[in-house]
Amino acid sequence: MIRSQSCPICKKVLPVNSAASLATFPFCSVRCRDVDLYRWSVGKYAIVEPLDPDELALNDEQTESEDDDDYES
Ligand SMILES: [Zn+2]
């Protein structure tokens with residue numbers, strides 16, 4: 001039985017014999033691969049809150065001072 005592979009973005013069925021050599025595998029095309037990358041870049045999958053560099057810097061300072069206070073050597 002031949003297992004068919006479909007593009008996760010557009011659901012188009014990929015030609016089985018080209019799957020292994022397809023540069024954009026498992027996507028059918030560069031366009032679909034870029035769609036997937038774009039979804040990652042906008043944080044759809046993993047990052048919920050936008051990252052603010054100033055806020056991160058403040059959090060780092062607070063975390064470090066808290067660590068110093070809590071840490072018992
Ligand atoms: Zn596709």
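The values are calculated or read from the model by the stated rules, or taken from the named source; none is laboratory data. This structure is a prediction, so every number in the text was calculated from the model and none was measured. Don't worry about glycine lacking a Cβ; one is built from the backbone with ideal geometry, like all the others, and counts go over all protein chains shown.
Name the residues in the stretch 7-17 that are at pLDDT below 90 and under 16 Å from residue 34 (Cα atoms), would you? Result: no residue meets the conditions. Candidates are the residues of the stretch 18-52 that are modelled with pLDDT of 90 or more and outside any helix (DSSP H, G or I); the one that is nearest to the ligand (Cβ to nearest atom) is 28.
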